[in-house]
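One structure is given here, and the rest of the page talks about it.
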Amino acid sequence: MTSYRHDTVLRPFPPMYQKGDHKDIEKLVEIFDAIPPLDQIPYNFDQLYPEAFQLLRWTLNTKGFTVCSNPSAMQKLAGHVGLVPRPQLIFELCYSKESEEKFKRLSSSYGTFMGYHGSRVENFHSIMHNGLLSHFNKTSLFGEGTYLSSELSVSMNFSPAGLLWPKSTLPSLVSCVAVCEVLNHPDIRSRVQAGGEPSVGQKLPEKYFVVQNNEHLRVKYIFVFGHKRGQPVSESWLMKHKFLCLILVYVLFLFIMSVLQSRQFKTLYSKYWLSS
C-alpha cells in the first residue's frame, strides 16, 4: 500500500478509488488505515466505517479464485522445504471450475511438476489476481520469461522480507514464495531439456526453469515465512558458494600477478612512474 510502485503492485486497483486514469491513492491509504484488526471486526462491526467495510468486502471477494488455509498441504509440502526455515503459513489458491478444467486438460496432455518463484511481498496482490506474467519479469539474463526453480532455497534468495499491515497477527516482517504447478511442456526452458537453451547463448543454471507462455503455469500455493528484525531471510550467496568465491579470488590474484610481471606493465611502470 505504501510502495512507490502502487501503479504496478495494486493490480487490480479498488475501483471505488479510481476515476478514469486518476487513482486516489491517498484516500485509499486513509480508508485502509481505518480498518481495525480482523479479529476485532465481529465485536466492533457497528463502528466500522462504510468506506472501510466496502474496501474490505472488495478485498475479500476475489474473482476467479479463493484463498484457503490448508493444514493438510502444510504436511504434504513440508518434505520439499529442505534446509530453509519452514513456512509459518501455507495458503492454497482454489480456482474457478472453468479455470480448473482448462488447466486439467492441458496437464493431462503434458503432465506437471512443481516450481518455486520468489518475489517481493508487495507483488503478491497482483500475482494472486493476475498470475505470474512473463512480461513483468525484470530479470532477462537467460532470456525472457518467468523464472522458477525446483529448489525452494534458490527462490528464497529472490524473496526479501517486507513489512506487513501493522494490524496483522503475523510477524511484522514476512517473505513469500509462490509454489506453482508447471506444465511439462517442451517450450519450457531448462538446462536438461534438449533444444531448450535460451537464444542469448548462455546456459541456464541447474534447477532453473524459464516459462514464456503464461498458460503453462499457475500459482497453486503461497508460502509465508515470518522473520524477526535483523534476521536474514536466507543464507547469503557468498556463504553458499564459499569454495567458488575462493577460486575466483585465486584466479583474480593470478591475473594481477601476471599483469605485474608482464613486459608491457614493466615498460609502462618505468616510463610513467619512475620517470615522475
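Taken together, the criteria exclude residue 201 from residues that are modelled with pLDDT under 75, open to solvent by 20 Å² or more (accessible area, probe 1.4 Å) and over 29 Å from residue 135 (Cα atoms).
Considering only residues in region 83-124 that are over 24 Å from residue 189 (Cβ atoms) and touching a helix residue (DSSP H, G or I) at 6+ places or on another chain (Cβ under 6 Å), the one that is surrounded by the most Cβ atoms within 10 Å (Cβ to Cβ) turns out to be 90. Looking at 195, 143, 226, just one residue is among the small types (Gly, Ala, Ser) and at pLDDT below 65, and that residue is 195.
The strands (runs of 3 or more DSSP E) falling completely within region 25-120 that include 2 or more residues that are modelled with pLDDT of 90 or more, of a type outside the set (D, E, K, R) and within 20 Å of residue 9 (Cα to Cα) map to 112-119.
Taking first residues from region 1-18 that are open to solvent by less than 70 Å² (accessible area, probe 1.4 Å) and partners that are of a type in the set (A, V, I, L, M) and modelled with pLDDT under 85, the Cβ contacts under 7 Å between residues at least 6 apart in sequence or on separate chains come to 3/9. Has region 230-249 got any residue that is at pLDDT 80 or above, open to solvent by less than 70 Å² (accessible area, probe 1.4 Å) and not β-branched (Val, Ile, Thr)? No, every residue in region 230-249 fails to be at pLDDT 80 or above, open to solvent by less than 70 Å² (accessible area, probe 1.4 Å) and not β-branched (Val, Ile, Thr).
The values are calculated or read from the model by the stated rules, or taken from the named source; none is laboratory data. From a predicted model like this one, the values you see are computed outputs, not experimental measurements. Here Cβ is always computed from backbone atoms with ideal geometry, including for glycine, and neighbour counts include all displayed protein chains. Only protein heavy atoms, including side chains, enter the accessible area calculation; ligands, DNA and RNA are left aside. Shrake-Rupley method; radii C 1.70, N 1.55, O 1.52, S 1.80 Å.
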